[in-house]
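Reading through the structure tokens given below for one structure.
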Amino acid sequence: MELYRAHVLVCAGAGCISSGCQAVKSALEESIDRLGLKREVKVVETGCMGPCDLGPVIVVYPEGVFYRQLKPADAVEIAEEHLLKGRVVERLLYKAPENGKTAVTSDQIDFFKKQTRIALRNTGIINPESVEEYIARDGYRALGKVLTTMTPQEVIECIKKSGLRGRGGAGFPTGLKWEFSAKAPGKPRYVVCNADEGDPGAFMDRSILEGDPHSVLEAMAICGYAIGSNQGYVYVRAEYPLAVQRLSLAIEKAREYGLLGENIFGTGFSFDVEIRVGAGAFVCGEETALLASIEGRRGEPRPRPPFPAQEGLWGKPTVINNVETWANIPPIILKGPEWFASIGTEKSKGTKVFALAGKVNNTGLVEVPMGTTLREIIFDIGGGIPGGKQFKAAQTGGPSGGCIPARYLDVPVDYESLTRLGAIMGSGGLIIMDEDTCMVDLARFFLEFVQDESCGKCSPCRIGTKRMLEIVERITRGEGRDGDIELLEELGHGIKSSALCGLGQTAPNPVLSTIRHFRDEYEAHIYHKKCPAGVCRALMVYAIDEEKCNGCGRCALVCPAGAVYGEKKKPHRIDLEKCLRCGTCMEKCKFGAIYTI
Ligand SMILES: Cc1cc2nc3c(=O)[nH]c(=O)nc-3n(C[C@H](O)[C@H](O)[C@H](O)COP(=O)(O)O)c2cc1C
Ligand code: SF4
Ligand code: SF4
Ligand code: SF4
Ligand code: FES
């Protein structure tokens, strides 16, 4: 084995790839070569390190120096200064947005400090294309342990005792699901990984598959042993080509090493995994639709029961778990259920991965113990709200979830607390909104999403969400009527209780939760024809500040409605009868003379 004086980890997650990490890596490798350091310094590509908006990012070990927002020229400087001469390149280090303090290593950065990484333990640390690196971090040791020292029932008991609940949204106890399958009559049995991840802005599962694919394969094999199954499937969306590529390579390598396939570790147990690529319909993430899609049928949900644990793929008992759920399994087996159960809250054990997005300084992937408060996630890890703006609300659970307003910032993030607030934990999408977000417009956005994605099989969802969307759109256009809020509530509750699958049963949530916490905003739109956040264009009134206007006439030139009038070099005015509220004049005025009321 070759020994290196330094390792440079280059994040090659999808975020850093899109911000140009491959060019940075090439520049780094060329410089290392040119400087004669090839035998001393090793460059390793990893999965997502977490702080995606700082990409491309690299970490230089053994010191752990963290560099961010790199260009190829910066990589050359790092090679010449840091790798050759041992001098840290100060200007490329991270500076905290709130106080400008420089951090040399990643553990000095608040974003990393408050995280506990279980599901993401290897993501951003190992080369996901190297099974050897996974093995070096205890990979496949849990599989070895269950196959050689535990009975299937002991494995199930271990997962039950850990308190692990499904991370795909519903939070069902994982050990119990395995037990139902193990006890259900019928053979063969199947193990399925749900990697359909369709919530807008969510990328937790993609990052795990791209950064640590073997952890999912190892966990699926462990489940196979526990329930008596020899075949697994990973259902992953076609929009994740890098995940598909790394997972395919991982399956190939695992087979080559005898970690998948026939007679694993010579124990007589056989298990293999195949990939099924989905076309990206949101509804195919719903377990019964997903199984139909694997079978080659149309991806439509069916009523439950029977649940997949009893009657799943081709009518046989099937365990289906989410990517993050799977990634938690090997450490539970190795460190014991008590260790896992000691993290988190009474009913929500372990950690949760969130994709932190929206109006927050540090966006990216974070993993925190269950029970961490929203305030800690947004302000300590996320670095607060940019531009000195006020935090308004956080949306958890994407289109199935709800919003949490500022007064609940100190509520612990766990399954029970979020449900009490009318939100849900969901799969981990966490969108932060500031004072400039209109909550009615937010509800419209998610409603439009579920309307588009509804499969149309049942009428409460197909027709009901359409009617709800029409009403919300009307409200944002300033055509809301007395009684609309009550009508939305009535429709929402009706759809929730009668839709066939989880998509329809949760589709009204964003509307109901914004009404619950921000009713005054709906009322302002309906009764006062005002959008307090200044987002709904149709409700804006454009005006010209006569003090600032120098009469250049530019606004009149661009106005599509001929609504601006005034003499050259004299203050102009807007005819509100003609104005279409398009905002073009405001964009084009170089003197900041046009404002909205
Ligand atoms: C419309 C809809 C979309 C879903 N999308 C996903 C998804 O992308 N990934 C996922 O793991 N679960 C998704 N689920 C939940 C699954 O139906 C299922 O509960 C989950 O895969 C079970 O795994 P878990 O117990 O590990 O969470 C979705 C559910 C619904 C109703
Ligand atoms: S609730 Fe919506 S997505 Fe689910 S089956 Fe009915 S129409 Fe299809
Ligand atoms: S573009 Fe601005 S400064 Fe020029 S006329 Fe219009 S409002 Fe006045
Ligand atoms: S908002 Fe559009 S329509 Fe109204 S005055 Fe400005 S450019 Fe003209
Ligand atoms: S993709 Fe590089 S930090 Fe997330």
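The values are calculated or read from the model by the stated rules, or taken from the named source; none is laboratory data. None of the values given here were measured: they were computed from a predicted structure. Neighbour counts are summed over all protein chains in view; Cβ atoms, including those assigned to glycine, are modelled from backbone coordinates with ideal geometry. To get the accessible areas, we keep the full protein, side chains included, count just its heavy atoms, and leave off ligands, DNA and RNA. Shrake-Rupley method; radii C 1.70, N 1.55, O 1.52, S 1.80 Å.
A compact table of results
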item	result
Flag for Ile17 being open to solvent by 10 Å² or more (accessible area, probe 1.4 Å), of a type in the set (A, V, I, L, M, F, W, C) and part of a helix (DSSP H, G or I)	yes
Sole exception among (1) under 20 Å from Gly228 (Cβ atoms); (2) under 23 Å from the mean Cα position of the chain (by Cα) for Glu324, by number	(1)
Tally, over the stretch 297-319, of residues that are open to solvent by 10 Å² or more (accessible area, probe 1.4 Å) and under 22 Å from Ser454 (Cβ atoms)	7
Sole residue being in contact with an Asp or Glu (Cβ under 8 Å, 6 or more places away or on another chain), within 16 Å of ligand 5 (Cβ to nearest atom) and free of Cβ contacts under 8 Å to residues at least 40 places away in the same chain, chosen from Val24, Val43	Val43
Qualifying residue in the stretch 56-75 (condition: surrounded by 23 or more Cβ atoms within 10 Å (Cβ to Cβ), among the aromatic types (Phe, Trp, Tyr) and out of contact with any Asp or Glu (no Cβ under 6 Å at 6 or more places or on another chain))	yes
Subset of the stretch 187-203 [part of a loop (DSSP other than H, G, I, E, B), at pLDDT 95 or above and not charged (D, E, K, R)]	Pro188
Some residue of the stretch 219-239 being of a type in the set (S, T, N, Q), in contact with a Gly (Cβ under 7 Å, 6 or more places away or on another chain), closer than 19 Å to Ile156 by Cβ and modelled with pLDDT of 95 or more	yes
Members of the stretch 117-132 that are in contact (Cβ under 8 Å) with a residue 24 or more places away in the chain and open to solvent by 50 Å² or more (accessible area, probe 1.4 Å)	Arg117, Ile125, Glu129
Top-ranked residue in the stretch 515-568 [being of a type in the set (Asp, Glu) and open to solvent by less than 60 Å² (accessible area, probe 1.4 Å); ranked as farthest from ligand 1 (Cβ to nearest atom)]	Asp545
In the stretch 233-252, the residues that are farther than 17 Å from Ile17 by Cβ and crowded, with 24+ Cβ neighbours inside 10 Å	Val234, Val236, Ala250
From the options Arg255, Arg206, residue that is part of a helix (DSSP H, G or I) and buried (at least 17 other Cβ atoms within 10 Å of the Cβ)	Arg206
Any chance Thr437 is within 30 Å of Glu376 (Cα to Cα), surrounded by fewer than 24 Cβ atoms within 10 Å (Cβ to Cβ) and modelled with pLDDT under 95	no
